[in-house]
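Working notes, beginning with the structure itself.
Each reported figure results from applying straightforward, stated rules to the coordinates on display, with no laboratory input. All values derive from a computational prediction rather than experimental measurement. Quick reminder, even Gly has a Cβ in these numbers, built from the backbone with ideal geometry, and neighbours come from all protein chains shown.
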Amino acid sequence: MIEMLDVKKTYPNGVIALNGVSVKIKPGEFVYLVGQSGAGKSTFIKLIFREEKASSGSVTVNSKDLVQMKWKDVPILRRDIGVVFQDFKLLPKMTIYENVAFALEVIEQSPRQIRKRVMEVLDQVGLKNKARFIPDELSGGEQQRVAIARAIANYPKILIADEPTGNLDPDTSWEIMKLLEEINASGTTIIMATHSKEIVNTVKRRVIAMEDGLIVRDEYRGDYGYES
Amino acid sequence: MVMKVRTLKRHVKEGLKSSWRNSWMTLASVGAVTTTLLLVSVFLALMMNLNHVAQNIEEDVLIKVLIDVTATDDEVEELGESIKSLDNVESVDFSSRDQELKGLIDSLGDEGNVFSLYGDDENPLNHAYIVKAVEPKDTITLAEEIESLNRVEKVNYGQDVVENIFTFNNYARNIGLILIVALLFTAIFLISNTIKITIIARRSEIEIMKLVGATNWFIRWPFFIEGLLLGILGSIIPIALLFTGYYFLDQNSAMINQFEFITILPFNPFVWQLSGIVILIGAVIGIWGSIMSVRKFLKV
């Protein structure tokens, strides 16, 4: 599903973000990505949906070679990848319904399909009754669930979550984790960057630990492993 | 690239929405386009009509070759042949001194009767060849070539009129072009700024569109449509003025046309063609302005 081979990434300003990363993630896996800020987690994630391009090495996602990929093929790749961020990235002037529908409109789905699918995913994240609200009227946890609904609306094979619980209190974080586990159970591969020791140590899954642009540890059912 | 009708509708709606939202910038850009196109249309109308007049005159421009009075009939014949052998000569007609005298008398009307006093042998005029160039603009060079031939006393043609019109046209064209190019750039700049504001206002929308896999063209289209709209809105007033102004001119053209060789181009199709050009320029600067800012902001 996702395969990286000796990937290096140097930014134009000379910062070396990844310094030879090799990893294989199989379909349906749930992977935590841990490590301190600046360890290369964000770059690792950005390489997967081609926000950034590897400087050397190879990156393969959904059997597509992302290093050779032409820019015009990037949108098609992204339609198979859902992304969720710490700051939700919802559009404040649109309702919850419109926020999710927007993601399907811009990839030119039919209105009939959009209506059906939006209510379906809002139901899945438990916000069907708040479809007409705007993001500011929702709690942080609810907003993140909207963001997740938007990310999975197009049935992505991979869901990337960049510190999805970073802005949330512990109780809400657990709700989000539960939701992510459900999505994972239905077959979606999940890659989640996180700083939450509790989550990693409680919901045991594969842990990839990064440090200085390298993978320093990769274990199934691993621990967070950092004293924080 | 086939676009769905639904998608096209969406792009048009988005484009209209943002023009409406930035109404002041929209107004400024449309104003700049309007000013530019007004100048372009007045200038083009003037240039095209001047060219038209110049052409009319040029077509009537004949070269009169006065033959040396002492030339023998053979030499006259020989000169005729050598003129014919030159490049760019369309026709060569011989006009004897008697015909010349008759023409002079006719052209002067009553006062010309004085000249009828000249008897056949006292006619002071020369035999002449009337030469017409294939291309009117070659008249001057052709006249110079003929002047260097044997037995030519003098060459006359409407050099002053033709040269003056050409010089005036050249000056007008250069000054007009500089002015128009400067205005065009101002208009493009203002349009690209308007679009830039729209893009900045929609940065987060664009970010999400990219994230969920909208194609780059899908993202660009609304901005192109906005630019196009600004350009075309700007061409409405110039075209309206062009129609009324030229209609007025056309109605009063009888006054202008008292000089037979000065005619203005007919209202139809000239105004329609010019309007087409104006609206096309409007559309091009609109799209150009939007391309400039979209390219910078939507780097992929």
### Query
Once phi is turned into ³J(HN,Hα) by the Karplus curve 6.51 cos²θ - 1.76 cosθ + 1.60 with θ = phi - 60°, what whole-Hz value does each residue of the stretch B:29-37 show in order, with x for glycine and proline?
5, 4, x, 5, 5, 4, 4, 4, 5
### Message
Under 12 Å between alpha carbons, and skipping anything fewer than 8 positions from residue A:46 in its own chain: which aspartates and glutamates qualify?
### Response
A:162
### Query
Out of A:217, A:50, A:145, any idea which swings most in a Gaussian network model of chain A, alpha carbons joined below 10 Å?
A:217
### Message
Take residue A:201 and residue B:20, extend 7 Å from each Cα along the Cα→Cβ direction, and tell me the distance between the two endpoints in nm.
### Response
5.7
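May I ask you to derive the FRET efficiency for residue B:186 and residue A:55 from their Cβ-Cβ distance with R0 = 45 Å, giving the value to the nearest 0.05? Don't skip to the end; give the middle numbers.
Values: r = 43 Å, r/R0 = 0.95.
My answer for the efficiency is 0.60.
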### Task
Report, ordered by chain and residue number, the lysines lying within cross-link reach of residue A:128, taken as a straight Cα distance under 18 Å and ignoring same-chain residues fewer than 8 apart.
A:116, A:178
### Most mobile of B:48, B:25, B:209 in a GNM of chain B (Cα contacts under 10 Å)
B:209
### Query
How big is the protein assembly as shown by the Kirkwood estimate over distinct Cα pairs, in Å?
30.1
### Query
Counting Lys and Arg as +1 and Asp and Glu as -1, what is the net charge of the other residues whose Cβ lies under 15 Å from the Cβ of residue A:46?
+3
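Rounded to two decimals, what ratio of Rg to Rh does the stretch A:131-188 give with C-alpha atoms and a Kirkwood Rh?
Numbers: Rg = 11.5 Å, Rh = 12.0 Å.
So for the stretch A:131-188, dividing Rg by the Kirkwood Rh gives 0.96.
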### Message
What FRET efficiency comes out for residue A:80 versus residue B:4 if R0 is 22 angstrom and r is the Cβ-Cβ distance? Round to the nearest 0.05.
### Response
0.55
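Could you tell me the calculated FRET efficiency between residue A:93 and residue A:73, based on Cβ-Cβ distance and R0 = 35 angstrom, to the nearest 0.05? It would help to have the intermediate numbers written out before the result.
On the way: r = 31 Å, r/R0 = 0.90.
The calculated FRET efficiency here is 0.65.
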#### Entry: Normalised contact order of chain A, rounded percent, pairs of Cα under 8 Å and 6 or more residues apart
28
### Summary
the stretch B:172-273: relative contact order from alpha carbon pairs under 8 Å, six or more residues apart, as a whole percent, is 20
#### Entry: For residues of B:216-223, the mean tally of beta carbons on other chains within 10 Å
2
### Query
Across peptide A:105-114, what mean number of C-beta atoms from other chains lies inside 10 Å of a residue's C-beta?
4
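Averaging sequence separations of C-alpha pairs under 8 Å and six or more residues apart, then dividing by the length of chain B, give the relative contact order as a whole percent. If you can, show how the numbers build up before the last one.
On the way: 351 pairs, mean separation 92.4, N = 300.
Reported as a whole number, the value is 31 percent.
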### Amide H contacts of residue B:127 (H built 1.01 Å from N, under 5 Å, at least 5 apart or other chain)
B:67, B:97
## Note on the structure
The set of residues whose placed amide H lies less than 5 Å from the amide H of residue A:210, leaving out same-chain residues fewer than 5 positions away, is A:34, A:35, A:216
### Message
I want to verify a result. In a Gaussian network model of chain B, Cα cutoff 10 Å, which of these has the top mean-square fluctuation: B:212, B:155, B:76?
### Response
B:212
### Task
Can you pull a Stokes-Einstein diffusion coefficient for the stretch A:90-155 at 25 °C (0.890 mPa s), Rh from Kirkwood over Cα pairs, as a whole number of µm²/s?
216
### Query
To the nearest 10 degrees, how steep is helix B:97-108 against the longest Cα principal axis of chain B, on a 0 to 90 scale?
60
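Order these peptides, B:179-190, B:268-279, A:129-140, by their mean beta-carbon neighbour count within 10 angstrom, highest first.
On the way: B:179-190: 17.8, B:268-279: 16.0, A:129-140: 14.2.
Put in order of decreasing packing, that is B:179-190, B:268-279, A:129-140.
Using a 10 Å cut-off on Cβ to Cβ distances, tally the other chain neighbours for every residue of B:202-209 and report the average as a whole number.
Working: counts 1, 0, 5, 5, 1, 2, 10, 6.
Going residue by residue through B:202-209 and averaging, the value is 4.
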